[in-house]
Amino acid sequence: RRVLFRSIPTEVWLTSYKINQSEVEMAGNALDFNLISDFMKKLGESELIADVTLQNTSQGKDDRGASVATFAVKAKRKN
């Protein structure tokens, strides 16, 4: 989990995550789509995570009504 949290830019926040024996699934928001790409790149560079895949992304609103990029990613855990 520490690797996961070190990979998150300050302008990206997770709304949910699930870690099991073989996979990591995350969903969240970012101030823009480029930050999601940066986050995925950092995850992919990790020694513990591989095959980071964007499941979906869209333009959304946060709790205050501000425009954000929403996303869901999936990755495999390295053994």
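Every read-out reported here was derived from the displayed coordinates using simple, explicitly stated rules and does not represent laboratory data. Note that the structure is a prediction, hence the values are computed from the model and not measured. Here the Cβ positions follow ideal geometry from the backbone for every residue, glycine too, while neighbour counts run over all protein chains shown.
Listed values, structure above:
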quantity	calculated
Residue range of the chain that is longest and free of GluC sites (Glu not before Pro) which are both DSSP loop and sparsely packed (at most 12 other C-beta within 10 Å)	1-44
Convex hull of the chain built on C-alpha atoms - directionally averaged projected area, nm²	4.7
Cα-based reach from Lys78 at 25 Å (exclusive), listing lysines while leaving out same-chain residues under 8 positions away	Lys18, Lys41, Lys42
Helix axis angle, 33-44 relative to the chain longest principal axis, alpha carbon, degrees	10
Computed [θ] at 222 nm, helices only, for the chain once each DSSP H run of length n ≥ 4 contributes -39500 (n - 2.57)	-6000 deg cm²/dmol
Lys, Arg +1 and Asp, Glu -1 on Cβ, resulting dipole of the chain about Cα centre, debye, nearest 20	280
Nonlocal amide H pairs with Val68, under 5 Å, H built at 1.01 Å	Gly60, Lys61, Asp62
